[in-house]
1. Of the residues 144, 112, which single one is out of contact with any strand residue (DSSP E or B) (no Cβ under 6 Å at 6 or more places or on another chain), within 30 Å of residue 42 (Cα to Cα) and surrounded by fewer than 19 Cβ atoms within 10 Å (Cβ to Cβ)?
2. So residue 46 clears everything in (1) over 25 Å from residue 155 (Cβ atoms); (2) at pLDDT below 95; (3) touching a helix residue (DSSP H, G or I) at 6+ places or on another chain (Cβ under 9 Å) except one condition, right? Which one?
3. Would you pick out the residues in the stretch 135-151 that are assigned to a helix (DSSP H, G or I), within 11 Å of residue 78 (Cβ to Cβ) and touching a residue at least 60 places away in the same chain (Cβ under 8 Å)?
4. Examine the stretch 114-121 for a residue that is assigned by TED's automatic domain parsing to the domain that holds residue 47, over 26 Å from residue 21 (Cα atoms) and in contact with a helix residue (DSSP H, G or I) (Cβ under 7 Å, 6 or more places away or on another chain), and state whether such a residue exists.
5. Restricting to the stretch 32-67, count the residues that are in contact (Cβ under 8 Å) with a residue 40 or more places away in the chain and either farther than 22 Å from residue 120 by Cα or part of a strand (DSSP E or B) (or both).
6. Look at residue 149 and say whether it is closer than 28 Å to residue 64 by Cβ and in the same structural domain as residue 50 (by TED's automatic domain parsing).
7. Does any residue of the stretch 168-190 turn out to be surrounded by 21 or more Cβ atoms within 10 Å (Cβ to Cβ), under 14 Å from the mean Cα position of the chain (by Cα) and at pLDDT 95 or above?
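The values are calculated or read from the model by the stated rules, or taken from the named source; none is laboratory data. Worth saying up front: this structure is predicted, and the values here are computed from it rather than measured. Note: ideal-geometry Cβ built from the backbone for every residue, glycine included; neighbour counts use all protein chains shown.
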């Protein structure tokens, strides 16, 4: 079996596993944050946990990317720059700004997240610099890249703007959960998750790759159930929570 055929098999298996994980998460939310369990095992600081597992994606992507024969070409560098910028923010800027020693994360969640990031970063980086088609700079003018890039930027902007709202709410409320208001929170409980789903759907389209599709499917499989769980938690725990809000899609879900 060649590397290319093995890679294709792994991508398809990865997508199937994402769908299975999504079904499970609809029944049982991942136990961290507001959905943590009392018997979830050893814990570490939530901020440190995020920093640990997201930095894995950054490091693995860079190593695999630099090992590829097309690492110096414009198109792979364009996508690689986006990945590094996103995960540098996720691994360091966001956890440091949201640092809260009172919030803990089960260690097994950190380990599971790190394993996911090793596989996901490897699949995407290897495709960009070795196994995907060699693409000239003309690819940056194609409808696929243009449409995907728009979704990337829009999704990232929604995600960051929504997270800023949550950060301000937590800072102003002494670290306790409250009702987020303004921006897309007017209609949704989790616009930050919607933004991330849009962002990585854009990545899948712009890269036009099975690795990108697998990442988009995993993002939805993780965040759609979690948005639903957050929405139900808000309604059950916060008096006066706006009844017209939906979890992820205005007026629908």
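1. Going through 144, 112 in turn, the sole match is 112.
2. Residue 46 satisfies all of (1) over 25 Å from residue 155 (Cβ atoms); (2) at pLDDT below 95; (3) touching a helix residue (DSSP H, G or I) at 6+ places or on another chain (Cβ under 9 Å) except (1).
3. Looking only at the stretch 135-151, we keep the residues that are assigned to a helix (DSSP H, G or I), and these are 137-141, 143-151.
Now drop any that are not within 11 Å of residue 78 (Cβ to Cβ), which leaves 137, 139-140, 145, 149.
Passing the criteria: 137, 139, 140, 145.
4. First, pick out the residues of the stretch 114-121 that are assigned by TED's automatic domain parsing to the domain that holds residue 47: 114-121.
Of the ones still in play, those that are also over 26 Å from residue 21 (Cα atoms) are none.
So far as the stretch 114-121 goes, no, none of its residues is assigned by TED's automatic domain parsing to the domain that holds residue 47, over 26 Å from residue 21 (Cα atoms) and in contact with a helix residue (DSSP H, G or I) (Cβ under 7 Å, 6 or more places away or on another chain).
5. Total meeting the criteria: 11.
6. So residue 149 does not fit the description; no.
7. So in the stretch 168-190, the residues surrounded by 21 or more Cβ atoms within 10 Å (Cβ to Cβ) come out as 180, 188-190.
This time we only want the ones that are under 14 Å from the mean Cα position of the chain (by Cα), so: 190.
Narrowing further to those that are at pLDDT 95 or above: 190.
Among the residues of the stretch 168-190, at least one is surrounded by 21 or more Cβ atoms within 10 Å (Cβ to Cβ), under 14 Å from the mean Cα position of the chain (by Cα) and at pLDDT 95 or above, which makes the answer yes.
Yes/no matrix, rows are residues, columns are (1) touching a residue at least 40 places away in the same chain (Cβ under 8 Å); (2) under 30 Å from residue 127 (Cα atoms):
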position: 177; (1), (2): yes, no
position: 182; (1), (2): no, no
position: 188; (1), (2): yes, no
position: 206; (1), (2): yes, yes
position: 214; (1), (2): yes, yes
position: 232; (1), (2): no, no
position: 237; (1), (2): yes, no
position: 246; (1), (2): yes, no
position: 251; (1), (2): yes, no
